[in-house]
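To start, the structure itself, in structure tokens.
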Amino acid sequence: MPRYKDEPVAVRVYTVCDESKYLIVRNVPSLGCGEELKRLFESYGPVEECKPMDAEDCEPYTDVFFIKFSQVSNARFSKRKLDESVFLGNRIQVTYAPQFETLSDTKEKLEVRRREVLSRINSTSARKESTQAKNSLSHKRGHGHASQGSSTTDMVYDHVSSNKDYFPSASMNATVNLVRDKLDKIESSSKGSDNSMASKKPKVDARRRI
């Protein structure tokens, strides 16, 4: 509840026992509008009973009505929507009336709430399981793609510079360097032979032809 000036915050404890399919509606205009009030509440669920309560104290020119719903859920929904709403110019107050419940009504109310809580728990656990299954499946797919990509990259051989070591072992790097040196020598010798052959002048055949 809101805080006024320096007063402490008001706290109200709520339990399922406070709910009921019996409602009391106060501050209803004394205009003989019982049918209109019943139709208003019937828009939120079946209403079994709607009658004025003459024994209840009320403000002048207002009436108090007693309303009984078939289901607690309908009464809960109507109270949430119609409490402090305006009806024929008056702001009505809707409250639960569990004092009119019988023992069977209370048992039914608690059983309905128990089933609602269990269904919520089951739906939440089912959502968690489906989410975990989706995450595990996506993880497996991502791992498969990653392994496939790594095998593909292993098959691709890029150009390796001569001054870079690609192996963790020093002996393997030394072997690679030795092979590189031999290849460089072979390449240089082949270039030298090509140059020498290009530098030689072709011989002129000076023999007389008959």
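Residues are listed down the side, and each one gets a yes or a no for (1) in a loop (DSSP other than H, G, I, E, B); (2) of a type outside the set (A, V, I, L, M):
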site	(1), (2)
Glu59	yes, yes
Asp63	no, yes
Ile67	no, no
Ala75	no, no
Thr95	no, yes
Leu118	no, no
Lys134	no, yes
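Going through the stretch 97-116 one residue at a time, which ones are part of a helix (DSSP H, G or I) and of a type in the set (D, E, K, R)? Give the steps one after another, and end with the answer.
First, the residues of the stretch 97-116 that are part of a helix (DSSP H, G or I): 98-100, 103-116.
Within the stretch 97-116, Asp105, Lys107, Glu108, Lys109, Glu111, Arg113, Arg114, Arg115, Glu116 meet the criteria.
Applying the selection to the stretch 77-87, what residues are assigned to a strand (DSSP E or B) and loosely packed, with under 14 Cβ neighbours inside 10 Å?
Val86
Working only within the stretch 91-115, note down all residues that are exposed (fewer than 15 other Cβ atoms within 10 Å of the Cβ), among the charged types (D, E, K, R) and touching a residue at least 12 places away in the same chain (Cβ under 8 Å).
Arg91 - this is the single residue of the stretch 91-115 that is exposed (fewer than 15 other Cβ atoms within 10 Å of the Cβ), among the charged types (D, E, K, R) and touching a residue at least 12 places away in the same chain (Cβ under 8 Å).
Has the stretch 29-40 got any residue that is assigned to a loop (DSSP other than H, G, I, E, B) and under 15 Å from Ala97 (Cβ atoms)? I'd like the intermediate steps shown before the answer.
Just the residues of the stretch 29-40 that are assigned to a loop (DSSP other than H, G, I, E, B), to begin with: 30-33.
Right, trim to under 15 Å from Ala97 (Cβ atoms) and you get none.
No, because not a single residue in the stretch 29-40 is assigned to a loop (DSSP other than H, G, I, E, B) and under 15 Å from Ala97 (Cβ atoms).
Cβ-Cβ distance below 8 Å, separation of 6 or more or different chains: which pairs start in the stretch 20-33 with a residue that is free of Cβ contacts under 8 Å to residues at least 40 places away in the same chain and at negative phi and end on one that is part of a strand (DSSP E or B) and surrounded by 21 or more Cβ atoms within 10 Å (Cβ to Cβ)?
Ser30/Asp63
Considering the stretch 47-73 alone, what residues qualify as being open to solvent by 60 Å² or more (accessible area, probe 1.4 Å), in contact with a Ser or Thr (Cβ under 8 Å, 6 or more places away or on another chain) and within 22 Å of Asp18 (Cβ to Cβ)?
The answer is Glu48, and nothing else.
The values are calculated or read from the model by the stated rules, or taken from the named source; none is laboratory data. Every value quoted in this text rests on a predicted model; they were computed, and no experiment measured them. Neighbour counts run over all protein chains shown; Cβ positions are idealised from the backbone, glycine included. Please note that ligands, DNA and RNA were not included when accessible areas were found on the heavy atoms of the full protein model with its side chains. Shrake-Rupley method; radii C 1.70, N 1.55, O 1.52, S 1.80 Å.
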